[in-house]
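Accompanying notes for the structure given below.
The values are calculated or read from the model by the stated rules, or taken from the named source; none is laboratory data. Being a predicted model, the structure only gives us computed values, none of them experimental. Neighbour counts run over all protein chains shown; Cβ positions are idealised from the backbone, glycine included. Side chains are part of the model used for accessible areas, which takes the heavy atoms of the whole protein and leaves out ligands, DNA and RNA. Shrake-Rupley method; radii C 1.70, N 1.55, O 1.52, S 1.80 Å.
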Amino acid sequence: MAADEQVWREWVGRTETVRDAIHPTPVMQLNATLDREPAAEPGAPLPPLWHWLYFLPRHRQSEIGEDGHAKRGGFLPPVPLPRRMWAAGRFQFHSPIRIGDAVERRSTIEDVTQKAGRTGPLVFVTVRHEVFCNGSAAPALTEHHDIVYREARKPGDVEPPPQKPQDSPAWRREIVPDDVLLFRYSALTFNGHRIHYDRRYVTEVEGYPGLIVHGPLIATLLMDLLRREQPDADVASFRFRATRPTFDLHPFHVNARPSEDGRSVRLWAQDHEGWLTMAATATLR
């Protein structure tokens, strides 16, 4: 694997540019999926994280791998470890992205690192995305996206010890992650990863007990909780880290507690047993 890491590190510095337009239809569809009024007024700002509705992958069907993702190689390094998941994200919101904007996303591979985990080798890939609106020279959004690759699940694998949240929530909402919710979010983000909709694949091939709730969906639901409780909140930055998979077998909760000075909000998700599955922080202007 060490020799492979040297090869993968040749991807560091690679770039990719994708252009799109902020059409209203995906916004209306995600509003409906989150049980909100499906509105999308021209010129209205996108809620934080909703840029994930755009710059979607456009791989041909013949380019799709067994797991539903694009085959390895291309912009991302060809890491052969079979399990690929979103580990964490960090965001700086510089200025609004609005419905109707012409947008460009410039992506750069910032780092490729191999580490030893409890169940075998892990490879982390960090990608920096910058989103520009209407030809501006300054980005409206900077995102760092951490991807983790892992070996196939084996009998007897030891998972990381579960954690309990450190705070009690000031705001809380129960989420029922049924097949329809997961399907709609996969469709909205053109995400073919089979762990989110193919129960046979996720249980028989990847060895999980149920369908996995998308990390970006959980992050979006955390931000949606903040918007429901503080509709006028102006988010300057956001970061999240996934700590444990969330499955569709039981309802889960999204939670939040504002800081005493009101300048930040701690957010987290818990599974049906109360274990922490995602930790996040939003900083407000």
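What to note about this one:
- All of Val7, Val12, Val79, Val18 fail the test of being β-branched (Val, Ile, Thr), more than 30 Å from Pro231 (Cβ to Cβ), in contact with a helix residue (DSSP H, G or I) (Cβ under 8 Å, 6 or more places away or on another chain) and outside the structural domain of Ala279 (by the TED database), apart from Val79.
- Some residue of the range 248-263 being over 15 Å from Pro169 (Cα atoms) and buried (at least 16 other Cβ atoms within 10 Å of the Cβ): yes
- Note on the range 192-213: among residues that are without any contact (Cβ under 8 Å) to a residue 40 or more places away in the chain and assigned to a loop (DSSP other than H, G, I, E, B), the one that is farthest from the chain's Cα centre (by Cα) is Gly210.
- Filtered residue count, the range 102-129, keeping only those that are of a type in the set (Asp, Glu) and open to solvent by less than 50 Å² (accessible area, probe 1.4 Å): 1
- Restricting attention to the range 194-213 and to residues that are closer than 21 Å to His59 by Cβ and out of contact with any strand residue (DSSP E or B) (no Cβ under 8 Å at 6 or more places or on another chain), the residue that is least open to solvent (accessible area, probe 1.4 Å) turns out to be Tyr201.
- Residues located in the range 41-79, provided they are outside any loop (DSSP other than H, G, I, E, B) and not charged (D, E, K, R): Pro45, Trp50, His51, Trp52, Leu53, Gln61, Ser62, Ile64, Ala70
- When the range 131-157 is filtered for residues that are charged (D, E, K, R) and open to solvent by 50 Å² or more (accessible area, probe 1.4 Å), the ones remaining, listed by number, are Glu151, Arg153, Lys154.
- Residue within the range 158-169 that is surrounded by 19 or more Cβ atoms within 10 Å (Cβ to Cβ) and either more than 15 Å from the chain's Cα centre (by Cα) or not assigned by the TED database to the domain that holds Phe247 (or both) present: no
- Qualifying positions in the range 13-44 - among the β-branched types (Val, Ile, Thr), surrounded by 15 or more Cβ atoms within 10 Å (Cβ to Cβ) and farther than 20 Å from Pro139 by Cβ: Val27, Thr33
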